[in-house]
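FYI, it's all coordinate maths here, none of it is from the lab. In this text, all values refer to a predicted model and were calculated from it rather than measured experimentally. All Cβ positions, even for glycine, are placed from backbone atoms using ideal geometry, and neighbour counts span all protein chains on display.
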Number of protein chains: 2
Amino acid sequence: MESMIIYAPIVLAIIGLLYMWMKRSWVLKQDAGDGKMKEISDHIYEGALAFLNAEYKLLTIFVIVVSIALAVVSFVVPTTHWLIVIAFIFGAFFSALAGNMGMKIATKTNVRTTQAAKTSLPNALGVSFGGGTVMGLGVAGLAVLGLTSFFILFFHYFMGGVWTSTADMTIVLETLAGFSLGAESIALFARVGGGIYTKAADVGADLVGKVEAGIPEDDPRNPATIADNVGDNVGDVAGMGADLFGSYVATVLAAMVLGNYVIKDMGGSIDDVFGGIGPVLLPMAIAGAGIIISMIGTMLVKISSNDAKESQVMRALNIGNWVSIALVAVTCFALVKWMLPATMQMEFFGEGLKEISSMRVFGATIIGLIVGGAISSVTEYYTGLGKKPILKIVQQSSTGAGTNIIAGLATGMISTFPSVLLFAGAIWASYAFAGFYGVALAASAMMATTAMQLAIDAFGPISDNAGGIAEMSEQEPIVRERTDILDSVGNTTAATGKGFAIASAALTSLALFAAYVTFTGIEGINIFKAPVLAMLFVGGMIPVVFSALAMNAVGKAAMEMVQEVRRQFREIPGIMEGTGKPQYDKCVAISTEASLREMMLPGLLTIGFPLVIAFVPMIFGMDNLAIAEMLGGYMAGVTVSGVLWAIFQNNAGGAWDNAKKSFEAGVLIDGEMTYKGSEAHKAAVTGDTVGDPFKDTSGPSMNILIKLTCLIGLVIAPILGGHTIGETNNSIEQAEIINVAGVNNSTTKEVEVRMTTEGDETVAEVRTTITEDGKTDVKVKTYRGTKAEVEAQLENR
Amino acid sequence: MESMIIYAPIVLAIIGLLYMWMKRSWVLKQDAGDGKMKEISDHIYEGALAFLNAEYKLLTIFVIVVSIALAVVSFVVPTTHWLIVIAFIFGAFFSALAGNMGMKIATKTNVRTTQAAKTSLPNALGVSFGGGTVMGLGVAGLAVLGLTSFFILFFHYFMGGVWTSTADMTIVLETLAGFSLGAESIALFARVGGGIYTKAADVGADLVGKVEAGIPEDDPRNPATIADNVGDNVGDVAGMGADLFGSYVATVLAAMVLGNYVIKDMGGSIDDVFGGIGPVLLPMAIAGAGIIISMIGTMLVKISSNDAKESQVMRALNIGNWVSIALVAVTCFALVKWMLPATMQMEFFGEGLKEISSMRVFGATIIGLIVGGAISSVTEYYTGLGKKPILKIVQQSSTGAGTNIIAGLATGMISTFPSVLLFAGAIWASYAFAGFYGVALAASAMMATTAMQLAIDAFGPISDNAGGIAEMSEQEPIVRERTDILDSVGNTTAATGKGFAIASAALTSLALFAAYVTFTGIEGINIFKAPVLAMLFVGGMIPVVFSALAMNAVGKAAMEMVQEVRRQFREIPGIMEGTGKPQYDKCVAISTEASLREMMLPGLLTIGFPLVIAFVPMIFGMDNLAIAEMLGGYMAGVTVSGVLWAIFQNNAGGAWDNAKKSFEAGVLIDGEMTYKGSEAHKAAVTGDTVGDPFKDTSGPSMNILIKLTCLIGLVIAPILGGHTIGETNNSIEQAEIINVAGVNNSTTKEVEVRMTTEGDETVAEVRTTITEDGKTDVKVKTYRGTKAEVEAQLENR
């Protein structure tokens, strides 16, 4: 049975997908409401499809270009196999398919949620969360299905389905990296493009509709209102789905790569009942089990009372979430115990081989689960209604927009403190437990509940849309009240979901970073080398510039939308009286075109920079391993800075949003109750305008930026190092111990060995010292040149 | 003669200080105007003194506490000498003295500038720039005088005034680091405290005076107006002076440390006419020469026409600036040629020893000069009136404060792109020229014109104050017009000065970072070790949180000021009619107390974090070298993130400021001329409110944060590693070559050496490989335990 475990994730994924299909049929069977509702819903559905189709056209070109580039590379570089092209194309295809599926179900669910809200709140929750479940299981199921299938395929193709060597497994996993690269590339465009789309439509609709024309939000007379609702699906549903699809795949892949290196550290092969690849299979098994666990979790989300408030809805979601996290912990224990050798050897850089019991790997997974939850809680604290940071921003709104904005910025900045400490603690602890394999498995455990997280996340925008449809189709106020309860809960889950997304992206990037270092065969990334340090700086700058480009893109696209809405108000007769029909499709087209155009530059920045760093020095004849180390410095810079800017922007944006929302129920400022429409509220609205691109465009894009950067590095890795082929004439001719002595009056004792090679007369002198506390320290000097030159150098030393 | 060169910097510094004294007498001899003007000027002078005195009281306590701590450390840790305490106290004292001197002359010059502006613009420039010159030469002269004197003292104390060994020189320089630490600690409080003071007073004065009471800026009826003018001196003059004093000292120190390591790489001693310490003396010689060059530069700054406009004033400053930079280049060439051996050996990490000609060191200094100038130009582009980025922010103001703020943030963020690329290029190129010694000398060359830079920088706030006095004492409009021309030029030089300050701080930090690594004796900082990577994250977070604390501090202090001003308007009869006299001193006291109180937390963060990282793991028995590497990761994180946030905040703040100023002359928005008082202008004012703490408080504080962090690391360095003293029982008993062979089918050839020690049976195995391209690669494995345990481990490997 154990030898068949390799197929288990596929089976589990298919079970998940079947359940998803059932759930999908159930949702689609629900009543879609009256004619007016259907009409609006169809507009949103078509708008969303229009965006997707335009996006896919563009992405097809992108995929073709990258495929050709990869194919060329695979023919030129002997260590890269052409199958990586196939993996890349399928990765892109699966990611697009998952996004498409999610978006379709979301746009079908929204009108059904509105209709269900006519009957009761529990029904509305059931339908909207059902839609979210379809989305979550679809994404996770396709991710596990695709990755596992390709792994099995390559495992058979390159290794004949049985363990041969870690080197062969490395080739399997390097080729599999193409799948992850494909998925993440699509995610880049979905997240960034979607983020620009949603905010351009939102700002455009608000600025002319609400502010200039004075009509309420979601008013059907506003030509941009459909684009605004499409945006919620494009950005929050499809973008988030693609983001987590990419994280899921990348995390599992990175953990597999590091599992292979565990086998290497254990002597190149292990003897277990899983064909000797237990450590490689474990991450896939956890991911597969996670699908079933998430399925169970989603079944637990229900409320019974029709008079339920936000807190009860929140509790229902929390129960589902916490139960699934607990189940993952139990499953990890069982799987780790079953699939890993009881003790393993792992090489810790600078510390040599260490004995690691499998229970320490389990410890690492627990770290992942705890930190995932803790970072979500921190996010909730800094962005939650009624919490201290929000109340402070509300108070600062009374002295104007300037102080409101300073307070919001400061809140976002301060929130990096606990988040980063938690995160640094997670790196440290999971590494101390089980090396970088531990870090990768911490990420895997955290990501195991991805389907559940996505379900919780996706039901928010669905409810938001349902509210919009209720407004546009002029339903009874009770309908809007019920969808508003769901929407309000959805805002909180959106914030914690962003915390989860960034935590998982960060851990994934670290695992990819570790996989990169082991792939290239460099000994580490030493920032004491100036070129590496320079690249650390450059990497640190990229997320800042990327964010600025994304923000500017929103501004530009929103301006186009403003002009179009103004034009329609001016030129279409009877539009304000409700007799003329606004041209919704024009606004949808503007958002679509603008977002696709504006995502080019940030995309180019993300993909172009690592390539420039890798290949330009290569042209100038720089040593490949030195380049690999520089690129590693760049990756570290992007990751550190990207995580900081993601937390800062997401939390500042979320805080401003909820500070503004606080005025709806009224807030106490200087002893006076202050409501919507006050000067303080206006200041808070300004803050929210600044926060919108922060939290919905540039902030969430950071996830993709850091993951994609590390993935590109991983794909370039085999070109840079590790597998040099060909004979050398540097064989060592002579090696002699030339000195065994203490140094001056110091405590260290040292051995000097001189090695002479025949080829180009390289002489290396290695001085090894053992210090007081038993530490070993090594210094190497290399002299090169003709025999006479080397001798002269030795004289002078 | 050459052997006396060690005293040359002292002589040059004294010449600079004598010239400064002459200039000071000349300025003080100028007419201080009528009674009203004198009265206001005296208020400002007294307010500034009040702040300084309060600050010094607090700093005395701080200096005593740190001195005791250092003394304890020096008695416990055998490698730290007690003289470091003396050096620390004098460093703090000299820095405070320089700040005091600068602030006194600035507050005396302002009223004389107003008076001179009554006669002509050239006179006004002469007086205000004269004050700046006094400030600049005072700071630079004291820095060189203090550092050189202590170097000579320690050189004689520890080495008897002649070269003994690099180890002894290391002790000299480690002790000298105390001087730099003292200077930088004062700078922290001066910069942060001053930054909080100036913005609290500014915002407080504007919010109640301009907005609520509707009286113009600098109106004598506003109780906060004196505090506001004091703030210009406290923040922009004393803060900037202390900042550059610290950079100057730290840069020279770091270059000296690295010079000592050049001597080490050359075999432990060199034979030159400078007593064998040419590479150590060179940075001091450049600094000394820089004082005379700056003196010449300041003499070139004059205009002749009374009808001169901003551009002519700017040209006069530029001539002085560029001539001094050119003179530094020439001087560097001569000094490098004269003082350095024609060829040197330098160890490049991972590349072994390299031959470096002295002309390559000169190349590095040229890189420093070019990049210093280029970063200032980039700053000017992103923040200059009439430039594209500013025009864009102006356009975005038409749609409200939200879009204005997004545009300003994006501008600041985008500006990191060219700045960081330039900066990374500088690291790379100067390192390629001459290793980290090259990086340090690039910084030294850039800093050589510090006196000139400070003169250019300080004349701005002096002119600003002169304008304020003109307004408050109700002079003819022509007087204000003339001071406004100077003030406007001063705004541009303030922005470029900030560019210079951050560039120099960043290069200084890198040089300190390199000195730290060599001090501790670690082989590098490998971010592939998880604890090091975790600390890189934590370090990256510190500047973000520091900035937030500084911004919040301004908000809090400003609120107190607002309440006090409101109280005075309410309670003092006849204040608005000009018959009641406002209590200026109360407002000064509030700003003073608030700023000193609020700088505690950021100060604690800066000083506390490195100490926690160094000493907490030590308590838990972690290996010292591992801690040293972690602390190095932290330092790198703070530096990379700090540089980014400094550029971002300074440039965003500067851009908002000038976008607001653009409305004074009128701007074209959507084809319409728009002026002050329009809705767009109000939006721009909101942006400026956000930008104020960015550019005057948190942004400039980053310089100190990164330098002080690296300095604290440098002072801790000897505790962490390098010079362990005492006998060990780990002497090597046996060393044998156990294998000389190729590895499998690979191309690398390797030698294995096994070392056995008697003590605790440590066995180290060193495997050295020489790869295809002649690179040497070393792997060490250490086995520890009893003899039986070690043997068992060897069996299993």
**OP:** Please sort A:220-226, A:17-23 by packing, taking for each peptide the average over its residues of neighbouring beta carbons within 10 angstrom, highest first.
**Re:** A:220-226, A:17-23
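Using packing as a proxy for protection, rank B:40-53, A:611-624, A:474-487 so that the peptide with the highest average count of other Cβ atoms within 10 Å comes first. Before the final figure, lay out each step's value.
Working: B:40-53: 21.4, A:611-624: 13.6, A:474-487: 18.9.
Highest-to-lowest ranking by the protection proxy: B:40-53, A:474-487, A:611-624.
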Subject >> 18 Å cut-off, amide nitrogen to a point 7 angstrom out along B:Val211 Cα→Cβ, residues in segment B:369-409 >> reply: B:400-406
**OP:** One decimal, nm, shortest first: give the distances between the label point of A:Gly677 and those of the same position in the other copies, each label point 7 Å from Cα along Cα→Cβ.
**Re:** 3.1
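Mind ordering A:303-312, B:699-708, B:171-180 by average Cβ neighbours within 10 Å, highest first? Provide the component values of the computation, followed by the final result.
Working: A:303-312: 13.3, B:699-708: 30.1, B:171-180: 27.0.
Descending mean neighbour count gives B:699-708, B:171-180, A:303-312.
Charges at C-beta only: +1 for Lys and Arg, -1 for Asp and Glu. How large is the resulting dipole of segment A:2-720 about its Cα centre, in Debye rounded to 20?
Working: 41 positive and 55 negative charges, 82 e Å.
That gives a dipole near 400 debye.
Under the definition of partner shielding as Cβ atoms of other protein chains within 10 Å of a residue Cβ, what is the mean value for peptide B:546-557? Present the calculation step by step, with values, prior to reporting the outcome.
Numbers: counts 1, 4, 11, 4, 1, 6, 8, 1, 2, 7, 0, 0.
Neighbouring Cβ atoms belonging to other protein chains average 4 per residue here.
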Original post:
Just in segment A:630-712: which GluC sites (Glu not before Pro) are loop by DSSP and have at most 10 other Cβ atoms within 10 Å?
Top reply: none
Original post:
Can you list the residues, at least 5 places off or on another chain, whose amide H is less than 5 Å from the amide H of A:Glu347, using H built in the peptide plane?
Top reply: A:Lys354
Original post:
In percent, how large is the relative contact order of chain A, given Cα pairs closer than 8 Å and 6 or more residues apart?
Top reply: 17
Subject >> Pairwise label distance in nanometres, A:Ser25 with B:Lys581, each label 7 Å out on the Cα-Cβ vector >> reply: 9.2
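When Cβ neighbours within 10 Å are restricted to other protein chains, what is their mean count per residue of peptide A:514-527?
Details: counts 3, 0, 1, 3, 1, 0, 0, 1, 2, 6, 7, 8, 9, 14.
That works out to 4 on average.
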Original post:
Label-to-label distances across copies for A:Leu18, with labels 7 Å out along Cα→Cβ, in nm, shortest first?
Top reply: 9.8
Original post:
Which of the listed residues, B:Ile293, A:Met339, A:Ala116, is farthest toward the dipole's positive end in the protein assembly as shown, when Lys, Arg count +1 and Asp, Glu count -1 at the beta-carbon?
Top reply: A:Ala116
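In deg cm²/dmol, rounded to 500, what helix-only [θ] at 222 nm does chain B give when every DSSP H run of at least 4 residues adds -39500 (n - 2.57) and the total is split over its residues? Don't skip to the answer; put the middle values down first.
Numbers: 22 runs with 579 residues, N = 797.
The helix contribution divided over chain B gives -26000 deg cm²/dmol.
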Subject >> Label 7 Å beyond Cα on the Cβ vector: B:Tyr157 copy-to-copy distances, nm >> reply: 7.1
Original post:
Relative contact order (percent) for segment A:98-205, with alpha-carbon contacts under 8 angstrom and 6 or more residues of separation?
Top reply: 19
Original post:
Where nothing but the Cβ of Lys and Arg (+1) and of Asp and Glu (-1) is charged, how large is the charge dipole of segment A:1-80 around its Cα centre, in debye to the nearest 20?
Top reply: 80
Original post:
Name the GluC sites (Glu not before Pro) in segment A:570-632 that are in a loop by DSSP and that have at most 16 other C-beta atoms within 10 Å, would you?
Top reply: A:Glu577
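Hey, fewest Cβ within 10 Å first, where do B:Met576, A:Met135 land in order?
Values: B:Met576 13, A:Met135 33.
By the 10 Å Cβ count, ascending: B:Met576, A:Met135.
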Subject >> Top positive-direction residue, dipole computed over chain A with Cβ charges, set A:Gly402, A:Phe609, A:Phe62 >> reply: A:Gly402
Original post:
How well do other chains shield peptide B:687-695, expressed as the mean number of their Cβ atoms within 10 Å of each residue Cβ?
Top reply: 3
Subject >> Exceeding the 23 Å Cα-Cα cut-off - candidates A:Lys660/A:Lys707; A:Lys529/B:Lys529; A:Lys498/B:Lys695 >> reply: A:Lys660/A:Lys707; A:Lys498/B:Lys695
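Using the Cα centre as the reference, give the magnitude of the dipole from point charges on the C-beta atoms of segment B:461-579 (Lys, Arg: +1; Asp, Glu: -1; all else neutral), rounded to the nearest 20 debye.
Charge dipole, segment B:461-579, about its Cα centre: 660 debye, nearest 20.
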Subject >> Part-to-part distance (alpha-carbon centres) for segment B:188-249 and segment A:1-24, which is given in Å >> reply: 67
Original post:
What lysines sit close enough to A:Lys29 to cross-link, taking a C-alpha to C-alpha distance under 26 Å and skipping anything fewer than 8 places away on the same chain?
Top reply: A:Lys38, A:Lys104, A:Lys108, A:Lys118, A:Lys302
**OP:** Starting with the fewest neighbours, write out B:Leu549, B:Leu507, B:Leu604 ranked by other beta-carbon atoms found within 10 Å of each beta-carbon.
**Re:** B:Leu604, B:Leu549, B:Leu507
